[in-house]
Amino acid sequence: MAGHGPDTGNGTAAPPAWDWDAATRPRLERFLAERGLCDGPVRTRRIGDGHSNLTYLVSDGTSHVVVRRPPPPPVPPGGHDVLREARLVGALRDSAVPVPAVLATAQPGDVLDVPLYVMSFADGPVVTTSTPAPLATPASRREIGESLIDTLAELHAVDWQGRGLGDLGRPEGFNARHVRRLGRLVADAQGALPPEFAVAEAWLREHVPAESSASIVHNDYRLGNVILAPDPPGRVAAVLDWELATVGDPLFDVGYFLAAVPEPGQPLTPTQLLGAAQLEDGYPSRAELAARYAERTGRDLGGPTLSRLTWYTTLALWKLAALYEYSRRRAERDIGDPYYADPALVRSFLDAAHRTAGLAPLGHPRPESGATT
């Protein structure tokens with residue numbers, strides 16, 4: 001997550017592994033000055049939780065811009081492609097989806113030894129564990145929740161081919177391919193999954209639905225990845241972190257978003273902890289959010305696609321478990337973010353996936369028949 005405005009998070013950010021210094025800051029100053037974006041010496045401040053691309057607020061005292069670059073190496077093949085991200089955000093400009101304006105891009109060697117892009121600064125809070133005043137009222141919280149799901153519906157209505165994004169992904173076979181690719185992240189050399197991953201993976205393969213349609217999929221859409229307008233009414237001012245976006249089944253985005261919404265009385269996963277504000281009075285429940293998405297998109301909750309949300313939500317939780325396990329192994333080898341080193345983070349997602357699918361808790365034998373879609 002990378003915020004532009006104040007981050008009201010819970011302090012889980014890793015210590016900066018890279019920052020601008022006396023050698024790199026002057027090059028950034030020249031790059032911005034040549035494009036009329038800043039004038040003179042700049043101050044830089046890292047913003048966001050630091051677990052994906054690195055994001056910096058840059059200011060000359062008058063103008064403010066945001067710079068985004070990949071994390072330091074080693075970077076997984078194909079990961080952290082900031083120029084692809086900039087292309088997608090630029091294509092969404094002037095759509096119904098609120099995004100920052102892409103102001104400039106830099107190839108490796110232009111400023112740093114890695115690419116970067118510059119975007120406009122959006123003023124407003126990034127909300128995680130609590131909703132700040134003056135949005136901290138039941139009415140504003142409900143408006144925020146409704147704006148979140150409405151913005152997702154708007155994203156899924158974007159003509160991605162008409163905006164030049166026809167090569168962004170492969171929507172055919174998206175669901176089954178997603179399961180296979182994620183399994184390879186945690187499988188051993190012989191292709192066997194760890195036992196704690198195998199039950200949910202088998203359930204996902206047995207119940208994989210045909211794609212509901214094809215749209216731009218954000219792939220990490222949740223409360224902590226948007227900037228809210230600073231004043232009522234509660235609404236999304238900018239959607240952030242398009243690093244993982246692709247073209248695929250829009251219901252995966254819905255399932256992922258719902259998986260990040262905490263439910264009263266249920267254990268919180270790491271992503272739900274980063275959206276714990278949604279337990280405050282006024283925020284819509286998962287069921288209300290799903291119903292509003294159905295209303296906005298014309299889909300029937302009782303129909304053949306949205307009735308499968310259990311599958312998509314389970315996939316989202318299992319995917320997060322796989323990504324966290326992959327990152328845990330990297331951290332264990334001292335080549336990744338130490339935030340991921342705790343195996344309890346992985347177990348939290350796996351437990352939630354089993355609960356969502358109606359599977360037996362981990363450590364118990366698998367029931368003869370799992371939940372149906």
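The values are calculated or read from the model by the stated rules, or taken from the named source; none is laboratory data. Predicted model only: the values in this text are computed from it and were never measured. Quick reminder, even Gly has a Cβ in these numbers, built from the backbone with ideal geometry, and neighbours come from all protein chains shown.
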- prompt: Are any of the residues in the stretch 344-353 modelled with pLDDT of 95 or more, of a type in the set (Gly, Ala, Ser), assigned to a loop (DSSP other than H, G, I, E, B) and under 18 Å from Gly265 (Cα atoms)?
  reply: no
message: With the structure loaded, tell me whether Leu309 is under 20 Å from the mean Cα position of the chain (by Cα), closer than 18 Å to Val217 by Cα and either outside the structural domain of Asp249 (by TED's automatic domain parsing) or not small (Gly, Ala, Ser) (or both) or whether it fails that test.
response: yes
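Quick grid of which residues meet (1) over 30 Å from Gly36 (Cβ atoms); (2) of a type outside the set (Lys, Arg); (3) in a helix (DSSP H, G or I); (4) under 19 Å from the mean Cα position of the chain (by Cα):
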site	(1), (2), (3), (4)
Tyr117	no, yes, no, yes
Ala133	yes, yes, no, no
Leu148	yes, yes, yes, yes
Arg181	yes, no, yes, yes
Ala198	yes, yes, yes, no
task: Tell me which of these Gly265 doesn't satisfy, since it passes every other one: (1) of a type in the set (Gly, Ala, Ser); (2) out of contact with any helix residue (DSSP H, G or I) (no Cβ under 8 Å at 6 or more places or on another chain); (3) in contact (Cβ under 8 Å) with a residue 12 or more places away in the chain.
output: (3)
query: So Asp249 fits all but one of (1) touching a Ser or Thr at 6+ places or on another chain (Cβ under 6 Å); (2) surrounded by fewer than 24 Cβ atoms within 10 Å (Cβ to Cβ); (3) within 28 Å of Val82 (Cβ to Cβ); (4) not basic (Lys, Arg); what number is the exception?
result: (2)
- request: Kindly provide the set of residues from the stretch 17-35 that are among the hydrophobic types (A, V, I, L, M, F, W, C) and either farther than 14 Å from Val114 by Cβ or touching a helix residue (DSSP H, G or I) at 6+ places or on another chain (Cβ under 8 Å) (or both), ordered by number.
  value: Trp20, Ala22, Ala23, Leu32, Ala33
